[in-house]
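Notes to accompany the following structure.
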Amino acid sequence: MANPKLISAFPSLGTLYDLAGLEVNASSWAWRLNHPVRRYTLNFLRLKIGPGPMLDAIAAFIADRIATSSPDHVRNSFDNLAYLHRSQHFKDCLSSGGAIDERLVVELRQISNYAEWRLHYIRDWYLWCYEQGFAQFSEQTAELLEDLVIPGNRKGHAVRTMDPLHGAFDELEFIALTTKLRAIGREILTPLEYALCWLAVALGCNPVAFALLREEDFKPLKEVGTGRIYARLDVPRIKKGDPFYRSQFHEKKLNDEIGAAVTSLVLANRAAREQQSWPEGCALPLFPRFSIDPQRADGPYREFAMHLRSDEISPILQSAIDKLDIISHRTGGAIRADARRFRRTYGTRAVEEGASPLELAVMLDHSDLGTVQVYFETRASQVTRLDSAVALKLAPIADAFMGRIVRSESEAVNGNDPSKRIPWYRRHPERLPEKAGNLGTCGSGSCGLFAPVSCYTCQRFQPWRDGPHREVLDWLCAERDRKQQEKLDPQVKIHDAAILAVAAVVRACEGDSA
């Protein structure tokens with residue numbers, strides 16, 4: 001428990017005003033920052049510094065950062081000052097009142113697992129305190145720190161090393177994830193989970209951007225010239241230096257499948273609001289909470305009090321993916337799926353599909369090209385060769401077949417309805433396709449998808465054990481190879497899920513050694 005004497009003796013700075021002009025109470029040991037979808041509280045007791053000149057200097061520095069920087073930068077600055085007490089030289093200066101010199105940096109570097117990029121924040125603090133004339137900050141040390149070469153934050157390590165827990169999903173993991181999401185997602189996930197998963201796949205957004213989204217950002221629009229209705233999502237831009245959130249937006253066009261998922265979420269949100277009263281003064285988030293957040297309810301960001309916080313986004317994603325029961329072939333365990341992994345996968349796949357550095361920077365909403373270069377260093381997740389033999393080996397770990405194999409038509413759901421048969425037509429380059437038997441039975445109604453390619457990744461498909469599945473596999477692989485060699489389709493892997501699903505059926509029907 002904190003010492004009551006220390007708490008009462010905090011050098012109060014009264015009321016401060018942040019970059020957006022909102023009040024921050026700086027009269028106690030804990031300062032709560034204003035943020036619409038994050039909880040930031042600066043607990044000065046973490047610094048382990050009692051009242052005195054040094055605490056005054058740090059409090060004044062943080063107050064300046066609150067007035068001139070984003071809440072994220074303020075929090076990062078404060079968190080890095082919490083390392084100061086781990087330097088013996090710093091502690092000696094606290095007790096003696098002596099000047100802090102370069103030994104502080106030397107000792108911080110000796111801390112186990114201390115990342116050197118953190119010294120940027122330490123240097124900023126020291127130089128500011130020296131310029132303000134605080135005692136214990138010398139000109140000589142300030143000059144040394146100005147010339148000190150500090151490496152930047154190591155970026156892209158998880159992408160560069162293809163980390164199986166934190167890096168991008170590889171091709172087989174991505175196929176398993178999207179195939180199961182498409183096949184059973186609507187049935188076992190909530191509308192919020194289903195829409196969030198698809199948006200994570202399609203947009204690769206930062207969790208803060210997801211948390212800031214509102215229903216008004218989803219816009220069904222009419223396409224000029226055709227009159228076709230398409231869906232657009234205006235995603236709030238972050239890290240752009242705006243004092244107010246939701247000031248800038250990045251327009252993202254959604255395909256029909258994902259647009260339908262978001263539409264279902266909006267309708268579900270509306271139905272939920274009709275069942276319970278909605279708090280006055282709260283906006284309508286795309287990803288809402290079940291109950292109002294009391295911390296935001298009584299502050300300047302009350303309109304965001306029904307928004308999920310950014311730290312709640314990844315747990316929801318992970319819970320949804322857990323329901324899909326996807327096993328990673330790289331780890332042998334349940335696949336890890338936080339928002340960062342989806343973002344890294346989005347960037348990796350964009351490069352594999354031909355995006356330039358400038359295009360990728362725009363897609364990821366980065367302000368410079370340096371941060372996207374790591375995606376161009378690793379392009380190895382795509383399965384470049386996928387013939388029948390390879391597909392048969394990969395099929396067990398791709399987990400792409402979603403249906404149920406039946407011994408005969410009579411065992412199938414809708415087996416008594418000849419119109420539900422899925423036929424197979426042999427393709428010839430110089431003549432019309434010719435029917436060569438039936439592959440199985442559709443257990444559902446008309447779907448409008450391309451049969452039989454789409455059937456094998458559908459939960460309702462019931463392939464017959466004696467169907468000509470090997471022919472389908474050989475044809476799909478030949479088509480993939482042809483398109484790749486003739487460069488007819490830059491996304492040659494678009495049917496890889498179908499190929500692997502067909503291969504799984506072939507293995508089951510002909511034996512695992514097929």
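The values are calculated or read from the model by the stated rules, or taken from the named source; none is laboratory data. Here the structure is a predicted model, which is why all the values come from computation and not from measurement. Every residue, glycine among them, receives a Cβ derived from its backbone with ideal geometry; neighbour counts consider all protein chains shown. Please note that ligands, DNA and RNA were not included when accessible areas were found on the heavy atoms of the full protein model with its side chains. Shrake-Rupley method; radii C 1.70, N 1.55, O 1.52, S 1.80 Å.
Computed quantities for the displayed model
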read-out	value
Carbon + sulfur, % of accessible area of the range 50-204 - ligands and nucleic acids excluded, 1.4 Å	49
Accessible heavy-atom area order of Leu42, Leu358, highest first, probe of 1.4 Å	Leu358, Leu42
Karplus-derived 3J(HN,Hα), 6.51/-1.76/1.60, for each residue of the range 110-121, Hz, glycine and proline x	8, 5, 4, 6, 7, 7, 5, 4, 4, 5, 4, 5
Rg/Rg_ref, the range 1-106, where Rg_ref = 2.2 N^0.38 Å and atoms are Cα	1.10
Solvent-accessible surface (1.4 angstrom probe) belonging to Ser96, in square angstrom, nearest 10	90
Residue-wise HN-Hα coupling along the range 345-361, computed from phi with Karplus coefficients 6.51, -1.76, 1.60 (Hz; x: Gly, Pro)	5, 4, x, 4, 5, 4, 5, 4, 9, x, 5, 7, x, 5, 4, 5, 4
Farthest positive-ward along the chain dipole, Cα basis, beta-carbon charges - from Asn80, Leu148, Ser356	Ser356
Selection from Ser446, Pro207, Gln373 lying farthest towards where the dipole of the chain points positive, charges on Cβ	Ser446
Pair Met162, Ser27: separation of 7 Å Cα→Cβ label points (nm)	5.9
In the range 233-287, GluC sites (Glu not before Pro) in a DSSP loop with at most 13 other beta-carbon atoms within 10 Å	Glu280
Among Leu196, Asn255, Ala176 the positive-end extreme of the charge dipole of the range 164-315 (Cβ point charges)	Asn255
Peptides ranked, highest mean first, by Cβ atoms within 10 Å: ranges 196-205, 413-422	196-205, 413-422
Theoretical gain in end-to-end length, Asp72 to Ala436 [0.36 nm per residue, Cα-Cα removed]	124.7 nm
Anisotropy class of the range 161-306 from Cα gyration tensor, a/c 1.5 cut	rounded
Three-way shape label, the range 204-288, alpha-carbon gyration tensor, a/c 1.5	oblate
Computed E for Ser95/Ser291 - FRET, C-beta separation, R0 41 angstrom, nearest 0.05	0.25
Cβ-Cβ FRET estimate between Thr263 and Ala451, R0 fixed at 25 Å, reported to 0.05	0.45
Rounded to whole Hz, the Karplus (6.51, -1.76, 1.60) HN-Hα couplings of the range 326-339, x for glycine and proline	9, 9, 7, 5, 7, 10, x, x, 4, 5, 8, 8, 8, 4
Accessible surface of the range 288-366, 1.4 Å probe, proportion on carbon and sulfur as whole %	54
Under-5 Å amide H pairs with Tyr425, H placed in peptide plane, nonlocal only	Ala436
Those aspartates and glutamates that a straight Cα-Cα span of less than 17 Å connects to Lys91, excepting residues fewer than 8 apart in one chain	Asp56, Asp101, Glu102, Glu107
The chain, relative contact order in percent, only Cα pairs under 8 angstrom and at least six apart counted	12
Potential lengthening between Ser12 and Ala334 on full extension [0.36 nm per residue; Cα-Cα distance subtracted]	111.0 nm
For the chain, size of Cβ-based charge dipole, Lys and Arg +1, Asp and Glu -1, in debye	1080
Listed residue pairs exceeding 21 Å between alpha carbons, taken from Lys180/Lys323; Lys253/Lys483; Lys222/Lys252	Lys253/Lys483
Packing rank of 302-309, 84-91, where each peptide gets the mean count of other beta carbons within 10 Å, highest leading	302-309, 84-91
Cβ-Cβ FRET estimate between Ala60 and Lys393, R0 fixed at 60 Å, reported to 0.05	0.40
Cα gyration tensor category, rounded, prolate or oblate, for the range 282-373 with a/c compared to 1.5	oblate
The chain: antiparallel DSSP beta bridges as a percent of all, rounded to 5	95
The range 277-330: relative contact order in percent, alpha carbon pairs under 8 Å with at least 6 residues between	32
Heavy-atom accessible area per residue - the range 168-298, 1.4 Å, Å²	45
Euclidean distance between Cα centres, the range 157-181 to the range 255-312, Å	30
From the coordinates shown, semi-axes √(5λ) of the Cα gyration tensor in Å corresponds to which of (1) 52, 32, 17; (2) 55, 27, 20; (3) 37, 30, 22	(2)
Chymotrypsin sites (Phe, Trp or Tyr not before Pro) lying in DSSP loop within the range 218-271, provided at most 12 other Cβ fall within 10 Å	Phe244
